[in-house]
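First up is the structure itself, then whatever we jot down about it.
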Amino acid sequence: MVSACKHPAGYIPGGEVSFEDWNDKLAAFVAKVVDFNVRGQRDQIEHPGFIQEFKFCPHCGEPIDRVAQGFLTYGQAFEQHDAANEADKKSKLPHMKKPCRDCPFTKASLKGWLGEQRITSHLAADTFVCHKKQDMQCAGHMLINGFDNAFVRIAARMRIPLDLSGAELVFESKAACIEHHKN
């Protein structure tokens, strides 16, 4: 005999959740938990609460086959959230992937172009914006400075790969770059 009970899939703060809404509401709840884990360390925000994944219907007692219904578990929802965020991270740091052809940090730059003082100042800067695409960080500056570049350090802390190429194009050292740009 088929039960007339509309079994809930579980409880998420706010109430019982139907089979149809479980995966979407769980994903939204996981986003709240992630936000709490980040902002809760510095802001006074309310804890998002806890979920309960029902194995049996609390109304009629029938077992709920979560796998057959295609329900995500809490852990699976977190994995999906993390995977989506990893994919988003790759596009979040605006930077050149390779030095442009006019990059002052490359061996091909015009000899004496910037002069000793100006290139020394550029090399000492914490970050440097590409002079061709001013909404992007300069690949040459990141390559020649490595971890001395704040953008490189931020990307490393966030575990975001910069996928830089063209290291062979830039000077082997800051001293070589300065020597090249002396007038």
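The values are calculated or read from the model by the stated rules, or taken from the named source; none is laboratory data. Everything numeric here is computed off the predicted structure, so don't read it as measured data. So basically every Cβ, Gly included, is an ideal-geometry build from the backbone, and we count neighbours across all protein chains shown.
So for the range 60-73 (the condition being farther than 21 Å from Gly10 by Cβ, in a loop (DSSP other than H, G, I, E, B), of a type in the set (A, V, I, L, M, F, W, C) and modelled with pLDDT of 90 or more), does at least one residue qualify? Scanning the range 60-73 turns up no residue that is farther than 21 Å from Gly10 by Cβ, in a loop (DSSP other than H, G, I, E, B), of a type in the set (A, V, I, L, M, F, W, C) and modelled with pLDDT of 90 or more.
Looking at the range 88-136, which of its residues are of a type in the set (Lys, Arg), under 14 Å from Lys182 (Cβ atoms) and assigned to a loop (DSSP other than H, G, I, E, B)? Within the range 88-136, just Lys111 meets the criteria. Is there a residue in the range 16-29 that is out of contact with any strand residue (DSSP E or B) (no Cβ under 6 Å at 6 or more places or on another chain), of a type in the set (Gly, Ala, Ser) and closer than 30 Å to Val129 by Cβ? Among the residues of the range 16-29, not one is out of contact with any strand residue (DSSP E or B) (no Cβ under 6 Å at 6 or more places or on another chain), of a type in the set (Gly, Ala, Ser) and closer than 30 Å to Val129 by Cβ, which makes the answer no. Taking first residues from the range 65-84 that are more than 14 Å from Ile51 (Cα to Cα) and partners that are of a type outside the set (A, V, I, L, M) and assigned to a helix (DSSP H, G or I), no Cβ contact under 6 Å between residues at least 6 apart in sequence or on separate chains turns up. Return yes when Ile45 is β-branched (Val, Ile, Thr) and touching a strand residue (DSSP E or B) at 6+ places or on another chain (Cβ under 8 Å) and no when it is not. No; evaluated as a whole, the condition is false for this residue. For the range 138-183, the helices (runs of 4 or more DSSP H) that sit wholly inside it and include 1 or more residues that are of a type outside the set (Gly, Ala, Ser) and surrounded by fewer than 17 Cβ atoms within 10 Å (Cβ to Cβ) are 150-157, 174-181. Among the conditions (1) assigned to a loop (DSSP other than H, G, I, E, B); (2) touching a residue at least 12 places away in the same chain (Cβ under 8 Å), the only one that Lys32 does not satisfy is (1). Only a single criterion out of (1) loosely packed, with under 12 Cβ neighbours inside 10 Å; (2) in contact (Cβ under 8 Å) with a residue 24 or more places away in the chain; (3) out of contact with any strand residue (DSSP E or B) (no Cβ under 9 Å at 6 or more places or on another chain) is not satisfied by Asp135, namely (3). Annotation for the range 39-48: no member residue is at pLDDT 90 or above, on the phi < 0 side of the Ramachandran plot, in a loop (DSSP other than H, G, I, E, B) and of a type in the set (Val, Ile, Thr).
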